[in-house]
Structures are given as C-alpha cells and as structure tokens.
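Working notes for the structure below.
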Amino acid sequence: MNRTSFLLVFLMLFQISCKTQVKKEIEVYNNDFEGNNLSGISNGIISQYNNSAVLGQYNNGNFILKIGNLPKHDLIKISFDLYIHDNWRGQLLPDGPDIWQMLVDNSLYINTTFSNFGCNAGNICPPQSYPDDYPNSNHNPRSGSYRADLPGVCSMLSSPNGTTMYKITKTFKHVNQSMLLQCLDKLNQNYPNPKCEKSWSVDNISIKAITL
C-alpha cells in the first residue's frame with residue numbers, strides 16, 4: 001500500500017470512529033425520591049428504607065415510568081440502585097425462581113433471578129442468574145452486588161439475610177420521543193406477610209439521552 005492509499009484508509013477509519021463518539025449527553029430524568037416526587041410514575045410507592053426515601057417496597061408488583069418530549073437522540077442510558085430485600089431464593093425450587101425484570105417500551109432488557117443468602121460453609125447456597133439472564137447461568141448468591149451488608153426491611157428473626165444493593169446500568173439504541181420504563185418481579189413465597197419475606201425497591205434513577 002502506497003502512502004496516499006494509506007492516508008485515505010486512515011481518514012476513512014477516522015471518520016467512521018468519529019461518528020460513533022458521544023456528541024451530546026442530556027439527563028432527561030433524575031429522582032432520588034426524597035421530595036416524594038412520583039410524577040410520571042404509575043403504581044408508585046415511596047417508603048423509608050435505611051434513612052432514605054426509596055421507590056418501593058414491591059412484592060409481586062411493578063412500577064412504570066413514562067417520559068415524553070425526549071430530545072433527538074441515538075441511545076438511552078438508564079441507571080439506578082436496586083435493593084433486594086430479605087429472603088430471595090434465586091433459582092432454588094420449589095421456593096423459586098425469584099425473578100426480577102426490566103422492560104423498556106415493552107421490550108425485555110433484564111430477566112434475572114436474585115439469591116440473598118450468605119454462602120458460608122454448611123449453608124444451602126441457592127444460585128442466582130444475575131449478572132446474567134435467567135435461566136442461562138448459575139452464580140453464587142449476591143454475585144455482582146455493590147453492597148451486601150445492608151439491613152432487611154423486617155425483623156432479624158423473620159429476615160436474617162438483610163439487603164443486597166446492585167448498581168444497574170443499561171445503555172441501548174433508542175430514537176423515539178417517548179419512553180416507558182417498567183420494573184417488576186415474579187416472586188414465589190408462602191408467608192403471612194409477603195413483604196417481610198422478600199421485596200425490592202429502587203433509588204437514584206437517572207436517565208440520559210445520548211447523541212452520537
């Protein structure tokens with residue numbers, strides 16, 4: 001390849017790479033729920049957990065966040081804190097699977113299970129799918145977690161396993177002017193107070209529209 005041809009190829013590759021770089025990033029939604037703001041949210045519940053306001057707790061429930069008038073964009077980036085409270089049993093049967101899902105515009109982006117048990121010697125260690133999707137993988141309880149030392153939502157007697165927090169981040173192609181974010185669970189339990197056995201909540205939701 002002569003020098004001229006090399007320069008032409010280099011310029012073409014440079015132009016292609018420039019097209020995939022982030023040109024603009026606009027945060028279109030941010031909510032830590034401390035102001036009890038449920039605008040745009042269906043099935044919204046705000047409660048206090050660990051001295052902070054959170055969206056939840058949910059047990060066999062869901063919330064839907066609708067955002068309109070999005071600026072022109074190529075990608076959407078969603079991030080939030082997910083709290084898995086108490087006695088989730090992952091893929092252990094017959095008490096599981098304990099499934100958690102995230103959908104955007106009715107398309108499934110996360111379909112996973114969580115197990116919230118200490119995996120110590122002598123303990124049953126029910127596996128979870130996260131950070132992969134169910135039912136393809138078996139990981140140790142609390143795999144991929146950010147914190148695993150938080151308190152549960154009920155008494156230590158009924159829920160000795162506490163709470164595990166996960167940092168959820170998803171970036172995907174999106175060009176529509178509106179967006180629906182839905183989070184939900186499909187939990188199995190046999191307990192007089194289901195939310196004391198297992199539940200979930202979220203906090204610090206941030207959504208960004210990205211232009212390339």
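Anything in region 154-171 that is farther than 17 Å from Ser115 by Cβ and modelled with pLDDT under 95? List them, or say none.
Cys154, Ser155, Met156, Leu157, Ser158
For the list (1) surrounded by fewer than 18 Cβ atoms within 10 Å (Cβ to Cβ); (2) assigned to a strand (DSSP E or B), I need the number of the one condition that Asp185 fails.
(1)
Looking only at region 126-156, count how many residues are of a type in the set (S, T, N, Q) and outside any loop (DSSP other than H, G, I, E, B).
Residues meeting the conditions: 1.
Among the residues of region 66-106, which ones are more than 23 Å from Tyr134 (Cβ to Cβ) and either charged (D, E, K, R) or outside any loop (DSSP other than H, G, I, E, B) (or both)?
Correct list: Lys66, Ile67, Lys72, Asp74, Leu75, Ile76, Lys77.
Quick one: is Cys196 modelled with pLDDT under 95 and part of a loop (DSSP other than H, G, I, E, B)?
No, not satisfied.
Pairs, please: C-beta under 6 Å, at least 6 apart or cross-chain, first residue of a type in the set (D, E, K, R) and in region 187-211, second assigned to a strand (DSSP E or B)?
The qualifying pairs are Lys195/Gln57; Lys198/Asp86; Asp203/Val54; Asp203/Asp81; Lys208/Glu25; Lys208/Glu27; Lys208/Lys77.
The values are calculated or read from the model by the stated rules, or taken from the named source; none is laboratory data. Computed from a predicted model, the values in this text were never measured in an experiment. Cβ sites come from the backbone with ideal geometry, for glycine too, and all protein chains shown count toward neighbours.
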